[in-house]
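Report on the structure given below.
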Amino acid sequence: MKGRTAAILMAALLALYIVLIGWRAVQFVATGEPVAVGIGIALIVLPLVGAWALGRELLFGVRSQRLVAVLDAEGELPEETLPTRASGRPLRDAADEDFARFQAEVEAAPEDWRAWFRLGLAYDAAGDRRRARKAIIRAIALERAAH
């Protein structure tokens, strides 16, 4: 729940930033000075890119949370049995050892979104955020294609 609250707070702060930068961009363009107009146009593009990125992140969060709920209801979420650091993050060596099981699940059933999602969680536990995100995106795509 802390993660969701933090994401909502960060999204609200980013939205406020986008609005304020957008307002400043309009002010720059309104001056009519060529350099100021150029800066204004650049500042208009930045909030649009920011809004697009924010939308993608929120959509990713909602979709992945929905898959967590489905796996939890089915009793198929992996148990958190890995030893952890004081911060609560799993020890990388233990996560790496546990990873092979989830990789084998995906190799055995490459079209199973549940296997891909659990692999994404294993990547995350091992500290590989980029691959974790790719695996979870793949799980989302497979689940959506199944419906």
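The values are calculated or read from the model by the stated rules, or taken from the named source; none is laboratory data. The shown structure was predicted, so the numbers you read here are calculated from the model rather than taken from an experiment. Backbone-built Cβ (ideal geometry, glycine too); neighbour counts: all protein chains shown.
General remarks:
- Whenever a residue of region 120-140 is on the phi > 0 side of the Ramachandran plot, its partners that are modelled with pLDDT under 85, lying with C-beta atoms within less than 6 angstrom and at least six residues away or across chains, give the pairs GLY127/ARG92.
- None of ALA115, ALA53 is small (Gly, Ala, Ser) and at pLDDT 90 or above except ALA115.
- Yes/no for ALA122 being at pLDDT 80 or above, surrounded by 11 or more Cβ atoms within 10 Å (Cβ to Cβ) and within 30 Å of ALA11 (Cβ to Cβ): yes
- You will find that of LEU20, LEU43, LEU48, LEU77, the residue that is under 21 Å from the mean Cα position of the chain (by Cα), part of a helix (DSSP H, G or I) and either surrounded by 10 or more Cβ atoms within 10 Å (Cβ to Cβ) or not assigned by TED's automatic domain parsing to the domain that holds ARG118 (or both) is LEU48 and no other.
- Contact annotation: residue pairs with Cβ atoms under 7 Å, 6 or more positions apart or on different chains, pairing a residue in region 6-17 that is within 18 Å of ILE44 (Cα to Cα) with a partner that is among the small types (Gly, Ala, Ser) and surrounded by 14 or more Cβ atoms within 10 Å (Cβ to Cβ), are LEU14/GLY50.
- Residue in region 24-37 that is not in a helix (DSSP H, G or I) and not assigned by TED's automatic domain parsing to the domain that holds LEU121 present: yes
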